[in-house]
Structures are given as structure tokens and as C-alpha cells.
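The values are calculated or read from the model by the stated rules, or taken from the named source; none is laboratory data. The model shown is predicted, which means the values in this text are computed figures rather than measured ones. Positions of Cβ are backbone-derived with ideal geometry, glycine not excepted, and every protein chain shown enters the neighbour counts. Just so you know, the surface numbers come from the protein's heavy atoms only, side chains and all, with ligands and any DNA or RNA stripped out. Shrake-Rupley method; radii C 1.70, N 1.55, O 1.52, S 1.80 Å.
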Amino acid sequence: MTKKRTGVFVCHCGNNIAATVDVARVVKEMSAEETVVYSQDYVYMCSDPGQNAVIQAIKDNQLDSVVVSCCSPSLHEKTFRDNTTRAGISGFTCEIANIREQCAWVHKDRDVGTEKAIKISRSAVRRAGRNQSLEPIAVPVTRRVMVIGGGIAGIQASLDMANAGLEVILVERQATLGGHMLQLSETFPTLDCSQCILSPKMVEVSRHPKIKVMTYCEVQEVSGSVGNFKAKILKKPTFVDPEKCNICDDCTQVCPVVVPNEYELGLTARRAIYIPYAQAIPASYTLDEEACLGLNPIRCGKCKDACEADAINYDMRPETVVEEVGAIVVATGFDLYPQENIAEYGYGKVEDVLDGLQFERLCSASGATSGHVLRPSDHKVPKDVVFIQCVGSRDPAQHCAYCSKICCMYTAKHATLYKHHVPDGRAYVFYIDIRSGGKGYEEFVQRTMEEDGAIYLRGRVSKLYRHNGKVKVLGTDTLTGQNVEIDADMVVLALAMQPSKGTAQAAKVLKIGRDKDGFLAEAHPKLRPVESVTAGIFLAGAAQGPKDIPETVAQAGAAAAKVIALLSQATLSHAPTVARVRRSHCTGCEMCVTACPYHAIRLENGKAVVNEVLCEGCGSCTATCLRAAIEVKNATQMQVFEMIEACLA
Amino acid sequence: MSEEQAYEPKIVAFLCKWCSSAGSDLAGVSRIQYPANATPITVPCSGSISPLYILSAFNKGADGVLLSGCHIGDCHYIEGNYLARRKIYLIKELLEMVGVEPDRLRMSWVSAAEGAKYAQVVKDFVADLKPLGPQDKLKADRT
Amino acid sequence: MIDVQSIRDAARDLLTRGEVRAVIGYRRGSRGMLAEPVTITDPEQADELVWDATCFHNLALYLVEDRKALAHAQRTPTLPIAIIAKGCDARAIVVLMQEHYFKRDEVYIIGVSCEGGGVLVEYKLARLLNGAQALSAVFDGDELVVTTAAGEVRLPASEVMADRCLECREPFPKEHNVAFGEDKTGRQLAAPFTALGRFEALSAVDRWAFWRRQFERCIRCFACRSVCPMCYCDECVVDSITFPVAPDTTAEEKANRIRWIERSAVRSENITYHMTRAMHLAGRCIDCGECERVCPVNIPLRLLNNKMELEARERFGYEPGASIGGPSLVASFRDDDPGQFIR
């Protein structure tokens, strides 16, 4: 290895550095370093004349590396690296010695300050002495996006990206787009009809020339990395050709099979061949293979006989397609925490005890009761309805530790809707406290209490059970300290949101992290809230954490903006300070593979191999490897070793 | 001046680039004065600090070694500081077992917003190191 | 008590049927009653195999040697190699497989339980025999049966056993293809970490005084490293004389050999070497105690490794050698790892 030719440039920063640090002495000490062939000081190194002096010195002295002793790298590292590049050598050969924030500004004694500045500068000189010339890694980009999940988050993200000109593949596991939002009756705090605001978006998605909708499909496998993912998608057979189906409904009339309708949360039944909702997109029927008597004219075949459009095809088989995309948005949403887990409320087995979504269907004009609130057991109008908040949430001992965030608001909405439907009925709400942060939210809760007359009781319900055709609710009002007993006609549980099954599956397929509650983990809780840990994979909606519709839409838009920014470039540029394997030393023990937070390392022929696009250069591998067989470029163990030496000299 | 007062412990401070180094910058911007004993080495992440760096610093004559990273949950690289916590715990136990004063190795979480905390960490560390005197247990014996 | 003939038969059958290419075991050594490691490839040699209280060696080391020889010869054998493994040896093999040093189907483990015994310590035996020469020594239940010229002597096993065996809770090789002897997992002849506990009760000043004495004595013969199956690295990070040069080794790499410590056997370098070694064995050392046994200057090296083992178990719920598929101690973490020491 030929010896480095390093130039050292020490900045006075006016008097900011020079007041505490004897700049001339730093220059003199540095010029004695083995690799240093040029050194100078200047009053403002970052000024135009200062930067030009650096460029001139690089050219005149054939420098191959640069140390600037000045302010924090967070201020001018980029300035000086760009400058170095302009002079014709790699910007990554330039190191900053921070002698202002970490030295001159925090010490008063000039001797002490100068000594420390020398150590810091010498340490940077040693590091620069072993820096490699690196160029940013260019990665080609596929300008297509896959969105997983066809709820409001996925729909919004798809539209935003498609409108920006990106090709979008929207994958939904259910037979229709719409997700949970399509099940809601009205939305808080404005009480506009959920389907009325969602359906137009669903139609827009289905008609958008840039969006390919794949319902009844599941992502099975994803390989590749940012800019170039390959996704294997399973198309489950619907046995109905959506092109031919004219939704005449003749098939369901003849189908002999009756099963609970999952889209109505079991409040109604459906046939084996069915359409989830009248507004379903695609507007086509689906034949549920599990429920069907047998996809065979000999076994049944009634629907095929009845179909005049000849849309039914029993020979459809599962199909796998591969799509190449540059980025992925995960919008796999939530499920409600299972009522079966709540022992004190009867494990979901007590009649007329509903979950929030079931209540939505009761209120919905398109629901089982055509929008009349009737209790399921006897179809009578319930006069006393108890709403219980925080069921399954905020209970670290037994259920979910987190606050499910939307339940205070949807319970207030439920109480309001109920009072609108049954003005002479009584709505009781048991709550721990009310969390109504959001535009118009607090006002809405106040209206629920004051104008709609819902009775809010602060406390928990300890037990409920069937008693004389009603549901006996035993609770405590902690504000009065009295026990409360209500003979309710109906009880609605505000169950916690939990990550959907699809979310767990997506995390596994995409190898992206989940937090302790199973929601998808964001790359940084504050600064990168819509990015996953893996570059090129973005998060939208309740899969990342409990949130309401406006928040979901906002996050979906943010994720879309991130994708648009990412894919607006012809190639991606990635920092070249990534891990490198010394193959001769690697024994393939896989410790680095385990330690890497980015899944950037894999074993190939018994040796670790780094995917430079995925590697972020954190160095977890370096510290874990017992054999110093993997190191981050320009932050090698040798460099640190020599820096330690410089600090203690 | 007695010998004890003249003794200034030498400290190598490994600071993660994203939190603690930025925190020390903030101490500077806020002009919070603290002792000059600790010379910083910026590393990508506390998780990149190999136990060998620590032993090597002591071997090269450090009287104290400071490691500082992002608070748990805030790591720029998601989980580097979790890995660091486990490794540093082990080496700290090992040092103590051998009879090296446990106060010579210090770890802290300093966020980019905690300039004052960084200054305090260094102040406390220097104050704790002074009574211990020079570290000669692991310091290279070149005689 | 295990009939050695059953082990011999198993070895012979494996070789005769062509199921393995060799068997690593113990045979009677050239030095008195002591067993020594042997690799046999001929079924006829099976009768040389022995099993007694002097089967000290952790034979996993010879699996590592075998692997290295194969790599050097660039050979990929089609048949597995068989190995006779005590509880500790089997745990070492598990760690090696966890680190992908070889695959499970490349090794045939003939597990042999130490049952109520283990290995003896020569000086303990000599003390009890009052100068009589032992010709053989086999554990039988909680006794050691020793043959001398004067006849058979029965000694309490616990008085002649190695400390590591007394403290062992897993004398049965859990990971095995075939196993002989009774599974006495959980047996506890002495409390685990007895010596460590005694040592840790000392003051910091006394602890340092102790180690200072120990490390001043170290001659850096590297016997501890050579005998350790976990020290399979081609180049030791703290001693680069073994620097491996491959066709793709660059000049820069050659120049970048870091001298973390000096080679001279002085206290500071010795202690840094041993501490680095302890760190590198954290979560990997399965306490076979071979490093301590072979140390020519009697440095109680198990203390260092036991300390790491104890912390791994108590703080991180980690048992070295328990799982082939699990993550390594230092490559993983738990949310509730201790952090009270952090300011």
C-alpha cells in the first residue's frame, strides 16, 4: 500500500476556535504526522476562499485525503466532502475533526484546549490515513410499486402514487377492496356515511389505468431489495369470471349452502357463492371453495346451471404470478382483539354482547337489519345499551398493554348513533378516561354526553351475564364510588385494535420487524414513521399502530410521497460505507447474520456476503464477529485502533 | 499542589454518531463547560464498539473508557444499542471480576438533545476517576 | 456402569457397515493408565477403544482438526465422522454446529453418559493412593474403582473427580445418534459455580492481587487456546502469527494486521489476551475445563469462563450448547437485558 498524502486544514472559525485553541500549534503538530504532506490554517475554512484553498492544495500537492479540523461534521462534513469531490478525489477520503463543539466551545484553558484539539485532529489524520476512495453505490430502479392491503390505507396510497405516474399493483386477500372501513356505518366526528366516502375511491382505484387490482390474492414470497423487489403472488381461484359476471344474483338463489357471513361478522348468513357487499370491487361473485358442496356438476353444479352469463368456471386453479416492483407499501390493517379472550365478559358467548364492528353493521343501512338497531337475539329494539371502553386494551397483565386510540371516539359515535336510532333508549358508557385528541373530537364527545344524553360512567365493568332475557352488567362508578348494576338489552364492547393476521404474515414474508405488540415497526419512531426498517418497504395505516381514518389517510399519503420520491430517480444512490467481508477470515458462523438489523448479510458457500444496498453501515457485525472478518468501510478496526492510539498519545 | 490534584485521568470516549456525538455538539453550542479529559472517537453506533476497543484503550493507557449511545428504543440503526448493552454488560462484569475498578468503564445513553447530560456524564466520570489514580492494571508494560 | 464393549461394538459396526469414515475415541495411552485420543478407521481397531475415568480430552477438538484437514486437502467426504462424546463434548459439538462449523449429518455422535462420574484429577488420586501406582481407574456409581499392583481399591468418586465434573449438571450427552449409560441430567454433586462463588466473595483488591499473580505466571504457550474446540479461528485476533493468506488476500489486508496486544508474555498483555479470550468464549464455552487442565502453570482459567457462563445464564437466560438453531449470545438481545449500569 502506498503511503497516503493527507492535507490538514485547521479552521480558526473567526475567534470561535482560535480563542481556545492555538491553531498554529495544531498545524505544526499535524505536519509531523507520517501521512501528512500539507497543512495550513485559515480564518474561515468553510468560506469560498477557504474552500478554494483546499481545492488548490489538493491539486498542487497531489493530496489523496483531507482532514478539516473545524466545527461539527453535522454542519460542514457535506460541504467539505463535496469540495473534495470537486477537487477530483473521493469525498469519502475527507474526515472532519470536530475541534469547535467538542473542544473550543467547552473548554476555557488554552493549553488544555490545544492539547485536546491536537488529539482530535491526530485521530482524524489516522483515520483518513486508511480511508478508501469510495463512490456512492448506484442501484437501478423498477418504477412500479406493490401495495399490500386494499383497505383505506392501501387505496389512498395507490391512488396517490398512480396519480403521480407510478404503476401500482394493489394486492388484497379478501374478495373485495374496502377493508374494515367498508363495514363502518358512519364516521366520527362528522357522521358522514363511511361507504359514501369510500366507494368513490374504490371505483377510482378499479378504473385507474395505472393501478392493477388483485383481490383474493396473497403475497407469498418477496426477494430482492430496494429498487428491485420480486414478489410472488398467489391468485386464489374465485371460480367466477368477473368480466362475464353481471351480478344478477341468480347463483345465490339456487345455492343450497348457508354459512355465516364474515363480512357481516356473523350477524347474517351467506351462500357458498356470494358477493361480500353490493358495492364490492370487483363487482363479481366469489365461490367459496371450502363451503361449496364440491366443484363438480355431479355433486351440485346448481350455480353453474343458473348462470346465464356462463361466468362460472369450476376448473379455475390457484395461480402464482411474479411481479417486479421497486418499492412496497404495507397496509395490512388491523383486526379486533378477539372477544373470545375476554373471560370477564363471557368469552364472546353471551348473547347480545357485540363487538364494535358488529354494532357498525347493525347501524349500517346496508347491514343485516337495514340500518335498524335491533338486538340479535330477538330482533327487538334495545332500550338499555351498555358500551364498555378499553376492552382488551390498556391491560398489560392480561391483554394488550397499549391504548387502542380510536375506541373512545367510536364508542361516543356508537352512543350517538344509537340515540339517533332509538331516541327514548338509554346509552351507558363505561370508560377509564376519555382520550379525544383530534380536530373536533372533544366537541363530539361533549355533544354525545350533553346533547345526545349518553350516560358516561367512569369505571370498569367487572362482570356480565345473561339474566331474565337481559344482560346483567355489574360495574363500579369510581366517581361516586357506587356499584352499578344495569339490566341491559345489549352490550357493545370497544375491543382493542390488534395487528391483523395479514400483518403478521406480511411481516414474515417481507422480513420486516414488528414491535412488542405485533404492529409493524417503523424505521425510526419520530423521524421515519412511515418507513419500515428495510429500505424500500413503507408502512401505512393501522398495521403500524392503532389509528383512525384521517390519520390513516395522512400516513398513506406520506408513504406514497416517500415512494414517489424514491422512484423519481433513475438510479438509487446508497452510501458506500458498508460492511465488507474478509473472506479469508470468515468461518461462516452466522453471528453477523443474526446481529444485522437490516438482514443485509447472508451466507454463500459458507462465507458471509453483504448486500451493499441493504447495509446501512452500523457496524453491529464488526463488534459481534469474533474474527474481525467483517468491517465497515472507512470505519475499520484498524482505523479505530489507530484512533485510540492517537487519543492516548 | 499535591500529586493527586495534578493527576488528570485520560479518557477515550466512544460516541455514537447519531445521538451522543450530536449531544456533545449541543453541549458545545450551549457553551457548557466540562473537563477536557475525554477525547471523543465518533463511531457509527454503540453497537459497533467491539469489546476489543475497550481492552485496547486500557492497554494503551486509558484511565477510563466512556461509551455512549442512543437511548434504548431510539437507536438510529434500530437495535444496535441493544446489542451493545449486552456486550458491555459482559465486559464490565469481566473487568470487575479481575479486580479492575468498575468505575473505569462507563456507559451512558445521551440523546442529541442532551447536551447538558453529556457534559455531566464527563464531569462525573472525571470526578469518579480521580480518586482511583492512574490505571496500570491493563496498561501495556513495555519495560 | 457402562460396558466398554458396547462402545467398541457400536464403533465396529459403524465402520463395518460403512456408515462412517472414522471414529474419534479414546485408547490406552503410552503413559501409565491414562487414555489418549485416537481416530480409528479400521473396524479391527475398535477393540483398542477404552472408556474410563481418564478420558479427559474434549474430543470435539478433533472434529475441528478433521474439518481443517479436509479444508486444507479440499476434500468433501461423503460419509460422516463418528465421535465418542461425553456430556460436555456433546455440548461443544452443538456450539460448533450452531456456528455452522459442520452440519449435523456430517457427525455421528456416540454419546456416553458420565452417569455419576466424570474424569478424575491425577493429583487427587495420587494423594488418596499414598504413592501406590494406579493401573486403571473406572467410575462405578459413586465410587472410583482403582486397580493397583496390590489389588483393587474403591474410593469415593467425589474426592477424586475434577471440579468441573463435580459441578456438571449435564453429564449426559443430550445431542447424540446413539447413547450409552444412564441419563443423569440435573445431577449435582457440588453446587454449580462453587469455585467462582468463593472467588467472587473476595474484595476487589484481593481479586486483583490474585489475578496479578496468575497472569504474571502465564507464559503464553497458548495451550489453553490450542486445546479449546471453540478456538477454531485460523487467525487469533490477538495473536496474528497465524494470519491466513488466501489468494484473495490483499496487500492492504496484510498491512492491516492489528497488534491489539504485544506477543511478549508480560502481565498486561497476558491479561488482555485472557480477557479477550473470555469475551470471545462468552456464550460458547461449555465448561469442559480443558484449558485449565492443560495449563502448565496452573492458572484457574475456568473462573473467567464460568463468570461469563454464569452471567449468560442469570442475566440473559442463555445456556451455551443447548440449541443448534438458536441465536448466539452476543449476536442477540432481549428487551429486558440488564441496563442498570448505564447512566
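A few points about this structure:
- Stokes-Einstein diffusion for region B:11-129, with the hydrodynamic radius set to the Kirkwood value over Cα pairs and evaluated at 25 °C in a medium of 0.890 mPa s, equals 175 µm²/s.
- Positive-end extreme of charge dipole, chain A - chosen from A:ALA608, A:ILE432, A:ILE275 (charges on Cβ): A:ALA608
- The share of Cα pairs per 10 Å bin across the protein assembly as shown, counted from zero up to the longest distance, runs 2, 9, 14, 16, 16, 15, 13, 9, 4, 1, 0 percent.
- Summed residue charge, Cβ within 14 Å of A:ASN341's Cβ, Lys/Arg positive, Asp/Glu negative: -4
- Where both bridge residues fall in the protein assembly as shown, DSSP classifies roughly 50% of the beta bridges as antiparallel.
- Heavy-atom accessible area order for C:GLU200, C:GLU99, largest first, 1.4 Å probe: C:GLU200, C:GLU99
- Relative contact order of region A:356-453, defined on C-alpha pairs under 8 angstrom at six or more residues apart (%): 25
- Derived scalar couplings ³J(HN,Hα) [region A:518-528; Karplus, 6.51 cos²θ - 1.76 cosθ + 1.60; whole Hz; x for Gly, Pro]: x, 6, 5, 8, 7, 5, 8, x, 10, 9, 9
- In chain C, the calculated helix contribution to ellipticity at 222 nm averages -10000 deg cm²/dmol per residue, counting -39,500 (n - 2.57) for every DSSP H run with n ≥ 4.
- Here the protein assembly as shown is treated with +1 on each Lys and Arg Cβ and -1 on each Asp and Glu Cβ, and its dipole about the Cα centre works out to around 2220 debye.
- Rounded accessible area of B:TYR53 (nearest 10 Å², 1.4 Å probe): 0
- Semi-axis lengths, Å, chain A, gyration tensor of Cα atoms, sqrt of 5 times eigenvalues: 61, 32, 21
- Mean separation of Cα contacts under 8 Å, 6 or more apart, over the residue count of region C:193-328: relative contact order %: 28
- Loop-located trypsin sites (Lys or Arg not before Pro) in region A:434-466, at most 11 other Cβ atoms within 10 Å (DSSP): A:LYS439
- Over region A:326-371 - Rg/Rh using Cα atoms and the Kirkwood inverse-distance radius: 1.18
- DSSP beta bridges in chain A [antiparallel fraction, %, rounded to 5]: 55
- The mean of 1/r over all pairs of different alpha-carbon atoms in region A:553-649, once inverted, gives a Kirkwood hydrodynamic radius of 15.3 Å.
- The accessible-area ordering, largest first, of the residues C:CYS55, A:CYS625 stands as A:CYS625, C:CYS55, per a 1.4 angstrom probe.
- A viscosity of 0.890 mPa s and a temperature of 25 °C, combined with the Kirkwood radius over C-alpha pairs in the Stokes-Einstein formula, give region A:480-534 a diffusion coefficient of 171 µm²/s.
- Here the calculated FRET efficiency for C:ASP336 and A:CYS193, from their Cβ-Cβ distance with R0 = 35 Å, stands at 0.15, rounded to the nearest 0.05.
- Only Lys, Arg (+1) and Asp, Glu (-1) charged, at Cβ; chain A dipole about Cα centre in debye: 1700
- Proportion of all alpha-carbon pairs of chain C beyond 33 Å (%): 31
- Dividing the summed helix terms, -39500 (n - 2.57) for each DSSP H run of n ≥ 4, by the number of residues in chain A produces a 222 nm estimate of -8000 deg cm²/dmol to the nearest 500.
- Counting only heavy atoms of the protein chains and using a 1.4 Å probe, A:LEU572 has close to 10 Å² of accessible surface.
- The DSSP beta bridges internal to region A:6-136 are antiparallel in roughly 0% of cases.
- Debye intensity ratio in log₁₀ form over the Cα atoms of region A:250-306, taken at each q of 0.20 Å⁻¹: -0.72
- By the Cα gyration tensor, region C:193-328 has an equivalent ellipsoid whose semi-axes, rounded to whole angstrom, run 27, 21, 13 from largest to smallest.
- Proximity of backbone amide H atoms, modeled 1.01 Å from N, is registered between A:GLU167 and A:VAL145 at under 5 Å, excluding neighbours fewer than 5 places apart on the same chain.
- Taking all protein chains as shown and a probe of 1.4 angstrom, A:LYS511 keeps an accessible surface of around 110 Å².
- Here, region C:132-207 is characterised by an Rg to Rh ratio of 1.11, where Rg is the alpha-carbon radius of gyration and Rh the Kirkwood radius.
- Mean shadow area of region A:578-632 over all directions, Cα convex hull, nm²: 2.9
- Distance from the alpha carbon centroid of region A:286-305 to that of region A:410-453 works out to 46 angstrom.
- Rounded D (µm²/s) - region A:337-496, Kirkwood Rh over Cα pairs, Stokes-Einstein at 4 °C, 1.567 mPa s: 83
- Relative contact order, percent, chain C [alpha-carbon distance under 8 Å, six or more residues apart]: 16
- Between the amide H of A:ARG580 and those of A:GLU631, A:VAL632, A:LYS633, distances stay under 5 Å, these residues lying 5 or more places away or on another chain, with hydrogens modeled in the peptide plane.
- At least 15 Å along the helix axis (C-alpha) and Kyte average at least 1.0, DSSP helices within chain A: A:549-567
- Built from the Cα atoms of region A:241-382, the convex hull projects on average onto 11.9 nm², one quarter of its surface area.
- Global dimensions of region A:6-136 from alpha-carbon coordinates: Rg and Dmax equal 13.2, 41 Å.
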